[in-house]
Amino acid sequence: MLRTLSRLLDRSQESLLSLYDDIRQYNWYVHLGEVSYEEFQPYEDSLSSVDAVQWRTYPSRYYFSEGLAPHAVGYVGLIAAEEVEDYQRLGYLGDEFVGKIGLEWVYEEELRGKPGGTLYLTDSEGQLEKALVNKSSEAPAAVYSTLDRNLQLQAQKAIQGLEGAIVVLERDTGAVLAMVSSPSFDPNLFNPSHPYSGGGLEELFGDPDLPLFNRATRGLYPLGSTFKVITTAAALESGLYEPETIYNCGLEFRELPGVVLYDWRYERELAAQGDISLTQGLVRSCNPYFYHIGLDLYNHGLITALPEMARGFGLGESTGIEIGDEAGLVPDPETKQAEFGEEWGPQDSVSLAIGQSFLQATPLQLARYIAAVGNGGILYRPQLVSRIQSPEGEILHEFEPEAQGQLSISQETLTALQEALVLVVRDEKGTARRRFLDLNLDIAGKTGTATTGDYTEPHAWFAGYSYEGREDKPDIAVVVLVEYVGEGSDWAAPIFRRVMESYFFGQPYKLYPWEERIGVWRTETPTPTSGPEEVEGQGTATPES
């Protein structure tokens with residue numbers, strides 16, 4: 001907005017008159033944007049003499065770009081009728097706007113300030129006798145987020161038109177640089193007096209796509225093949241496997257009596273992969289190898305090895321983010337008995353080994369643990385607040401990385417995981433190689449395709465991190481989830497790439513397979529076309545009698 005105003009004021013008088021004549025003649029309306037009054041003041045006198053330029057002021061919140069990270073930042077709205085008494089006990093009059101979700105709600109007290117007032121003593125007839133107490137009001141504090149504005153905007157655009165989530169963390173600190181839940185919403189709608197609100201709350205609350213729901217922190221999903229990172233760690237830590245342990249990855253898995261399970265290559269009518277190492281199994285996402293690991297651990301009496309490793313990677317518990325999140329659920333014998341009244345069997349370990357069973361996790365949890373794999377094993381608490389500052393400039397709170405734990409694996413296991421995740425994007429048989437062929441960045445990651453019983457198409461995942469080691473750009477961890485669309489390599493990996501480009505290069509460059517140009521979907525074939533080497537396993541344990 002300010003750059004646009006500067007360019008206008010730098011024009012010659014003749015060119016300005018010509019521009020304004022065009023605006024009058026064609027009845028144009030040009031919405032330049034929104035800024036704070038303090039930012040606008042230096043231009044006010046110059047623009048006040050130009051009749052083609054108008055502006056209006058308003059005293060309430062305004063959320064730029066129709067809401068940057070509205071699920072994380074939150075919004076303010078009028079106090080609900082059923083909450084008035086509760087707020088009045090806290091000193092509110094009852095007609096104020098208050099934080100409803102996100103940081104607006106969590107830091108309502110800091111952002112509100114403290115109202116002042118005077119307590120008077122009156123006689124029986126209501127006449128004032130004297131003032132008992134006088135308290136001055138206190139200005140609100142300023143809450144600064146960790147969000148990267150440009151990255152957040154680019155990430156929102158990157159997943160627009162799809163249902164899902166994106167989480168971007170500073171890999172080595174836990175600072176949240178972007179958090180997207182799609183579809184999104186305009187938080188300005190909750191202020192009916194706002195000049196650009198335009199109503200629409202009824203449609204917002206009635207939308208079956210749930211735009212108000214924060215899929216990044218509250219959405220619970222099976223992780224599909226991204227969970228194979230945990231299965232690999234459990235296998236290596238068990239002492240039964242090494243990175244070079246060989247297994248024959250066929251198209252069928254018949255080690256469970258009476259059950260046949262399939263590799264993802266079976267439906268594609270591709271040849272079996274044959275003898276491969278554990279590292280190659282993770283790189284190529286061989287389902288039978290991981291079915292075998294799950295069953296092998298079970299048969300060796302290590303029934304809780306996978307659930308315990310999953311919890312060691314931070315699943316099944318809240319991340320501790322300021323705005324709150326879901327803890328999810330890690331399947332194990334105890335939870336199966338409690339949830340379903342059934343005993344844990346070998347088929348449960350087999351299903352969990354590929355990230356299915358009744359596993360439930362959030363994109364934020366996956367982002368935290370993939371960041372830990374990249375940063376050397378530290379699970380950091382994701383944080384959205386950079387600092388809180390008083391009106392006088394005193395720093396009341398400042399961001400500091402908070403280590404919540406260490407991955408419960410050896411350095412050798414961690415190194416093996418890191419090397420395999422690099423090969424996922426670099427090896428000629430890696431499930432995501434083709435998506436990153438011409439990307440000049442050091443990245444690692446894992447594709448995932450998680451099936452559900454509700455829809456025909458699975459959820460697409462990609463979780464990864466950068467290891468650029470730059471001084472000017474801290475390394476990041478990124479998780480992309482796209483609901484009910486297909487393979488992780490087809491849908492989530494291209495979006496992951498776009499987020500990486502936006503962060504390191506300032507803008508995206510590579511078209512999606514379903515785009516005509518950046519931000520514009522193809523009108524005819526909006527589905528990506530896979531090459532054989534990039535197709536990701538569905539991760540479904542499908543019994544066949």
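Computed from the coordinates by the stated procedures, all read-outs in this text should not be read as laboratory data. None of the values given here were measured: they were computed from a predicted structure. So basically every Cβ, Gly included, is an ideal-geometry build from the backbone, and we count neighbours across all protein chains shown.
Tabulated data for the structure shown
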item	result
Alpha carbon convex hull of region 188-327, projected area averaged over orientations, nm²	13.1 nm²
Relative compactness, region 66-140, computed as alpha-carbon Rg over 2.2 N^0.38 Å	1.46
Cα gyration tensor shape for region 224-534, rounded if a/c is under 1.5, else prolate or oblate	oblate
Total charge dipole magnitude, region 224-534, about the Cα centre, Cβ charges on Lys, Arg, Asp, Glu only, Debye to nearest 20	700 debye
Cα centroid of region 202-249 to Cα centroid of region 103-144, whole Å	49 Å
Within straight-line cross-link reach of Lys100, lysines at Cα separation under 28 Å, skipping those fewer than 8 residues along the same chain	Lys114, Lys135, Lys157
Evaluated at q = 0.09, 0.10 Å⁻¹: base-10 log I(q)/I(0), Debye formula over Cα of the chain	-0.74, -0.87
Mean Cα-pair separation over length for the chain, i.e. relative contact order, pairs under 8 Å, 6 or more apart, %	15 percent
Global form of region 271-428, assessed from the alpha-carbon gyration tensor, a/c cut-off 1.5	oblate
Degrees, to the nearest 10: 488-505 long Cα axis against longest axis of the chain	50 degrees
Placed amide H near Ser145: partners under 5 Å, 5+ positions off or other chain	Ser386
Student exercise, the chain dipole from Lys, Arg, Asp, Glu Cβ charges, in Debye to nearest 20	1060 debye
Among Asn188, Phe504, Leu295 the positive-end extreme of the charge dipole of the chain (Cβ point charges)	Phe504
Amide H contacts of Glu515 (H built 1.01 Å from N, under 5 Å, at least 5 apart or other chain)	Arg522
HN-Hα J in Hz across region 387-401 - Karplus 6.51, -1.76, 1.60, θ = phi - 60°, x for Gly and Pro	6, 10, 10, 6, x, 8, x, 6, 7, 8, 8, 9, 4, 9, x
